[in-house]
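The values are calculated or read from the model by the stated rules, or taken from the named source; none is laboratory data. Bear in mind that the values here come from a model prediction, so they are computed numbers and not experimental data. Positions of Cβ are generated from backbone atoms using ideal geometry, with glycine treated the same way; all protein chains shown enter the neighbour counts. Calculation scope for accessible area: heavy atoms of the full protein, side chains included, ligands and nucleic acids excluded. Shrake-Rupley method; radii C 1.70, N 1.55, O 1.52, S 1.80 Å.
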Amino acid sequence: TGIRVKGRMNGSVSGPDKGYAKAWRTLVGEDTALAWKWTRDPAFAYILRHYGKKEEFSEQEWTDMDRAATALRRAPWMDNPSRVLPNYAAFLETGLEHDDMRFRRSVMLRVGTGSGHAHQDTLDMQINAHGLPMTIEAGQRPGYSAPNDARTYVHNTVQVDGKDWPSDHVGGTNSWVRTLTDMEGARYMAAQVAANPLATYARRQVALIDVDEGRGSQRLGPDAFGPKPENLPKDVVTPNSYVFDVFRVAGGRIHTYCFHAHVND
């Protein structure tokens, strides 16, 4: 939804050594309740109704949330199309018709100007497919790993002359999405970086191109898929897509295309 409360943001001190959906319960709690109170958006009611604690609400509040939640045919995040969340990231999404996350594919580009715990990850790319994160973004603050997770070369982006993209501590490196098209079968986005001490020009174009939709996907219903995937059909063939990635940079002498899969790869 893009709503942030009290400066908290998902991903702080995350990483490949943490359990699945580690921050889920934290995010479901106080912040989501405030978002429902302020907006009356059924999406927040759905989250609280299915994953919140009934004892934390009055009978009337629970009844109101239940009524609003039943208006949604499935979890609201399952219907998110390709989109841009300003100063955070842009996403290409395909397979939205599937409830089973193994049948959905997505690509993310990091855009905006970092601050606070931000990484030097300008135009970092992340890919999800076959029910797994196919690339890695550790997401932790410096001090939790070596090399620390803020460094440019531990992200999936281009490094110029072996240096980190400028961060908020030295003026920031702004980036934004110029184009995003959610065309069926071949979704596309182009993002650009403002001129900075490392590069006079940097632009990344990414396309998510469908190949097939797999076999065995089923409608699971609102309660079948929660923070931990359970009761999913086993005999399935997951779908495939291509990610076509072009990164152009002008400036500096050496351009290094950094790319990382899982930590055990």
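Quick notes on this structure:
- The set of residues in the stretch 121-173 being open to solvent by 40 Å² or more (accessible area, probe 1.4 Å), aliphatic (A, V, I, L, M) and part of a loop (DSSP other than H, G, I, E, B) consists of Met134, Ala146.
- Residue count for the stretch 11-32, restricted to those that are modelled with pLDDT of 70 or more and touching a Phe, Trp or Tyr at 6+ places or on another chain (Cβ under 8 Å): 3.
- Hits in the stretch 83-127 - residues which are touching a helix residue (DSSP H, G or I) at 6+ places or on another chain (Cβ under 8 Å) and under 30 Å from Arg219 (Cβ atoms): Gly95, Leu96, Asp99
- Residue pairs meeting the criteria (Cβ under 8 Å; at least 6 apart or on separate chains; first at pLDDT 90 or above, in the stretch 61-81; second open to solvent by less than 50 Å² (accessible area, probe 1.4 Å) and among the charged types (D, E, K, R)): Asn80/Glu93; Pro81/Glu93
- Residue count for the stretch 60-83, restricted to those that are open to solvent by 60 Å² or more (accessible area, probe 1.4 Å) and of a type in the set (Phe, Trp, Tyr): 1
- When we screen Ala199, Ala207 for residues that are closer than 24 Å to Arg105 by Cα and either of a type in the set (Ser, Thr, Tyr) or surrounded by 14 or more Cβ atoms within 10 Å (Cβ to Cβ) (or both), the only hit is Ala207.
- Test: residue in the stretch 104-116 that is open to solvent by less than 50 Å² (accessible area, probe 1.4 Å) and without any contact (Cβ under 8 Å) to a residue 24 or more places away in the chain: yes
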